[in-house]
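Read-outs: derived from the displayed coordinates by stated rules, not from any lab. What you see is a predicted model; the values in this text were computed from it and never measured. Ideal geometry is used to build each Cβ from the backbone, glycine not excepted, and the neighbour counts take in all protein chains shown.
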Amino acid sequence: MDTNPTSVSTVPRGAKTSRQDEIVVFWIVSDSACAECGDELGKGRFLRMEAQRPLCMSCADLDHLVFLGRGDAALTRRASRHSTLRAVVVRFSRSRKRYERQGMLVEEQALARAERECLSDAEARRLARERAAEHRQELDMEYVRAFAHRVGELFPGCPPDEQRVVAEHACQKYSGRVGRTAAAKELDPKAVDLAVQAHTRHVHTQYDELLARGVPRHEARALVAQSVAEQLNRWQRA
């Protein structure tokens with residue numbers, strides 16, 4: 001795929017922008033022109049590629065469809081289900097060097113029906129989202145408590161407040177930290193040990209000060225390794 005097209009007409013056959021059974025419409029980022037009627041298509045217009053030829057919405061027989069932007073999953077799902085003809089709208093992102101989905105073109109009556117349905121059960125869906133969020137939060141809190149308890153089992157000398165700090169830091173959602181790994185969720189001793197090491201390095205040594213002075217990370221870790229080992233050993237022996 002051309003990652004920096006001067007116009008959408010340069011999109012190659014079979015560009016992977018959606019499923020094979022979907023009609024794809026391009027939200028163009030450069031000026032183009034319809035290959036059939038000659039209509040000038042400025043930046044921001046829609047066009048469909050047909051046999052490597054750009055067509056305006058009228059010539060592509062899609063001009064009766066209305067645009068539904070992404071963002072409301074329930075509305076999109078329902079409008080798509082009710083619309084006999086629909087198309088996926090994509091736009092090229094120069095920063096990410098790829099086509100990204102922007103929304104859909106659907107029949108106007110399908111969108112109106114979907115909007116009525118969403119309004120009728122909006123409160124029920126809101127309550128369901130809240131219940132799901134509360135459930136996820138409860139599970140996360142239970143996991144943090146279990147992780148902190150495991151820290152106490154492996155390092156009985158670690159103060160309870162620090163056990164909790166270790167667990168909350170390691171298990172923070174979407175952080176990519178050791179507590180979000182599969183092994184940590186099984187409370188594997190090695191994963192818990194890594195979390196306690198990281199806490200000890202930052203809190204009980206001069207590691208952060210070394211980093212602040214520009215000492216390379218691996219060198220700084222080597223300089224505090226003995227202090228970390230001694231602290232962990234004290235906590236394990238207690």
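Brief remarks follow.
- Projected label points at Glu142 and Arg125, each 7 Å from Cα along the beta carbon direction, are separated by 2.8 nanometres.
- Nearest-0.05 FRET efficiency for Ala133 and His202, computed from C-beta distance (R0 25 Å): 0.25
- Straightening the chain between Ala73 and Gln109 buys 11.1 nm, computed as 0.36 nm per residue apart minus the Cα-Cα spacing.
- Taking the C-alpha atoms of segment 8-120, convex hull volume expressed per residue in Å³: 102 Å³
- Protection proxy ranking of 153-162, 56-65 - average other beta-carbon atoms within 10 Å, highest first: 56-65, 153-162
- Under the simplified labelling scheme, the Glu50-Ala212 pair shows an inter-label distance of 6.6 nm, with each label point 7 Å from Cα along Cα→Cβ.
- Volume per residue of the convex hull around the Cα atoms, evaluated for segment 38-176, comes out as 179 Å³.
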